[in-house]
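In what follows, a structure is listed as structure tokens, so that the remarks can point back to it.
The values are calculated or read from the model by the stated rules, or taken from the named source; none is laboratory data. Nothing here was measured: the structure is a model prediction, and the numbers come from that model. Here the Cβ positions follow ideal geometry from the backbone for every residue, glycine too, while neighbour counts run over all protein chains shown.
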């Protein structure tokens, strides 16, 4: 293991306000329209470089998971914008409805992901992707079939996560493209440990983001990111029907060609909510040190944590975070 220490000021339990950030700025698009049409419109803002064979990296959920991105939205998007694309997934590291390829395919049927091909990337094994500039890895093992794609559309349900604090685009590809046996073990478990979840907080976030970097670097400009801020439990979709009840209000959808900007904007929008509306989710992020995902992506030169936020509901007018959430309706369970 590395003996490097975290960079001062980048602890994952502290939110860094926008005015304290430095460096370049990226473009992030935003819509309040949580619908199939809203998803289609914002996708078109960032999809210009998707060419050739396109994979859609999507968390398809454990059996009967209540909070995943609605299937009709995804079906409409594929039908109208990406008719030749495949949804891509990998098997899980934990025992459950997606642990083996056979069980995974049954869960896909249960959850209704039957309207287009779903490529379980590690069905035929794993392949190493290089990790440039990492302190934990020089390579990360991905589902073998990921190398068959020319472009990747990362479609993410933004939410909390029991170990990661939050799950955004970084987690979706960092964990979700790593194969279920080798890659995911490299991220979660110290070799020889009896505890498969023994890596946590800053180290876990860093390992996860190094894995994400391998995917981002592999696809170069042929990758884009959409985060759906809806049904945001503090639990991940990997918890299925056992997920904690949703208490955070729905916000909208963000999109960017910059993975850090997409995840940072999503986190910023949550923090822009009233304290009583954001408390559960921000406490989950901070208590797990999940905000280290963002600062480490910046250290890895994966993107910018400063950005211009454009409202596609209002002719791409640039808006503030406060303007984006001013009409958010408090959650009523």
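Only one of the numbered conditions (1) within 20 Å of residue 223 (Cβ to Cβ); (2) in a helix (DSSP H, G or I) is not met by residue 128, and that is (2). Out of 27, 22, I need the residue that is in contact (Cβ under 8 Å) with a residue 60 or more places away in the chain, in contact with a strand residue (DSSP E or B) (Cβ under 9 Å, 6 or more places away or on another chain) and assigned to a loop (DSSP other than H, G, I, E, B). Which one? That would be 22, the only listed residue that is in contact (Cβ under 8 Å) with a residue 60 or more places away in the chain, in contact with a strand residue (DSSP E or B) (Cβ under 9 Å, 6 or more places away or on another chain) and assigned to a loop (DSSP other than H, G, I, E, B).
Could you pull out the residue among 60, 51 that is closer than 25 Å to residue 236 by Cβ and outside any strand (DSSP E or B)? Steps first, please.
Numbers: 51 fails: closer than 25 Å to residue 236 by Cβ.
The match here is 60.
Results for (1) under 27 Å from residue 189 (Cβ atoms); (2) crowded, with 21+ Cβ neighbours inside 10 Å, shown as yes or no for each residue.
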site	(1), (2)
50	no, yes
57	yes, yes
71	no, no
74	no, yes
81	no, no
94	yes, no
99	yes, no
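Condition first: free of Cβ contacts under 8 Å to residues at least 24 places away in the same chain, surrounded by fewer than 24 Cβ atoms within 10 Å (Cβ to Cβ), touching a helix residue (DSSP H, G or I) at 6+ places or on another chain (Cβ under 9 Å) and closer than 17 Å to residue 135 by Cβ. Can you find one or more residues in the range 187-210 that meet it? Looking for residues that are free of Cβ contacts under 8 Å to residues at least 24 places away in the same chain, surrounded by fewer than 24 Cβ atoms within 10 Å (Cβ to Cβ), touching a helix residue (DSSP H, G or I) at 6+ places or on another chain (Cβ under 9 Å) and closer than 17 Å to residue 135 by Cβ, one finds at least one in the range 187-210, hence yes.
Determine whether residue 102 is at pLDDT 95 or above and out of contact with any strand residue (DSSP E or B) (no Cβ under 8 Å at 6 or more places or on another chain). Give the steps one after another, and end with the answer.
On the way: at pLDDT 95 or above: yes; out of contact with any strand residue (DSSP E or B) (no Cβ under 8 Å at 6 or more places or on another chain): yes.
It is true that residue 102 is at pLDDT 95 or above and out of contact with any strand residue (DSSP E or B) (no Cβ under 8 Å at 6 or more places or on another chain).
Candidates in the range 110-122 are the residues that are in contact (Cβ under 8 Å) with a residue 24 or more places away in the chain and assigned to a loop (DSSP other than H, G, I, E, B); of these, the one that is farthest from residue 203 (Cα to Cα) is 115. For the range 61-68, indicate whether the set of residues that are modelled with pLDDT of 95 or more and either in contact with a helix residue (DSSP H, G or I) (Cβ under 8 Å, 6 or more places away or on another chain) or within 26 Å of residue 268 (Cα to Cα) (or both) is non-empty. Taking every residue of the range 61-68 in turn, none turns out to be modelled with pLDDT of 95 or more and either in contact with a helix residue (DSSP H, G or I) (Cβ under 8 Å, 6 or more places away or on another chain) or within 26 Å of residue 268 (Cα to Cα) (or both).
If you go through the range 147-167 and pick out every residue that is more than 18 Å from residue 121 (Cβ to Cβ) and touching a strand residue (DSSP E or B) at 6+ places or on another chain (Cβ under 6 Å), you end up with 7.
Does residue 38 qualify as being within 24 Å of residue 269 (Cα to Cα), assigned to a loop (DSSP other than H, G, I, E, B) and touching a strand residue (DSSP E or B) at 6+ places or on another chain (Cβ under 9 Å)?
Working: within 24 Å of residue 269 (Cα to Cα): yes; assigned to a loop (DSSP other than H, G, I, E, B): no; touching a strand residue (DSSP E or B) at 6+ places or on another chain (Cβ under 9 Å): yes.
In short, no.
Determine whether residue 66 is out of contact with any strand residue (DSSP E or B) (no Cβ under 6 Å at 6 or more places or on another chain), closer than 15 Å to residue 229 by Cα and not in a helix (DSSP H, G or I). For residue 66, the condition - out of contact with any strand residue (DSSP E or B) (no Cβ under 6 Å at 6 or more places or on another chain), closer than 15 Å to residue 229 by Cα and not in a helix (DSSP H, G or I) - is met. Has the range 173-185 got any residue that is without any contact (Cβ under 8 Å) to a residue 60 or more places away in the chain, buried (at least 22 other Cβ atoms within 10 Å of the Cβ) and within 12 Å of the chain's Cα centre (by Cα)? Looking for residues that are without any contact (Cβ under 8 Å) to a residue 60 or more places away in the chain, buried (at least 22 other Cβ atoms within 10 Å of the Cβ) and within 12 Å of the chain's Cα centre (by Cα), one finds at least one in the range 173-185, hence yes.
Listed here are the helices (runs of 4 or more DSSP H) enclosed by the range 217-333 that have at least 2 residues being out of contact with any helix residue (DSSP H, G or I) (no Cβ under 8 Å at 6 or more places or on another chain) and surrounded by fewer than 21 Cβ atoms within 10 Å (Cβ to Cβ): 275-287, 321-325.
Within the range 82-99, being in contact with a strand residue (DSSP E or B) (Cβ under 8 Å, 6 or more places away or on another chain) and in a loop (DSSP other than H, G, I, E, B) holds for 82, 84, 85, 90, 91, 98. Restricting attention to the range 142-171, the residues that are surrounded by 24 or more Cβ atoms within 10 Å (Cβ to Cβ) and over 18 Å from the mean Cα position of the chain (by Cα) total 0.
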